[in-house]
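Here the structure comes first, spelled out in structure tokens, and everything after it is commentary.
Just so it is clear, none of the values below were taken in a lab; they were calculated from the coordinates. Just so it is clear, the structure is predicted and the values come from calculations on it, not from any experiment. Because the Cβ atoms are built from the backbone with ideal geometry, glycine has one as well, and the counts that use them run over all protein chains shown.
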């Protein structure tokens, strides 16, 4: 997880936008990504992972809660993670 993503995560937790449970789930995602790789995440029914388009071409999204999304990009086999909270209508505007 990038330093920027970790900072965003801390801000969201402090603002009570995400919960401690959300953080645990996100850390499990990171562990699974590190242990099994992107193909595992993409094919797992748990994460509802999918590619994005429009402003997010080249990025992927995994669900960490009903409305929470983890947006990430793979660059030269390195996973760069950006954490965003998205509304239930899945508005991905930057």
Pairs, first touching a residue at least 40 places away in the same chain (Cβ under 8 Å) in the range 11-35, second part of a helix (DSSP H, G or I) and surrounded by 15 or more Cβ atoms within 10 Å (Cβ to Cβ), C-beta under 7 Å, six or more apart: 18/12; 26/9; 33/41
Of the numbered conditions (1) on the phi > 0 side of the Ramachandran plot; (2) out of contact with any strand residue (DSSP E or B) (no Cβ under 9 Å at 6 or more places or on another chain), residue 40 satisfies every one except a single condition; which is it? (1)
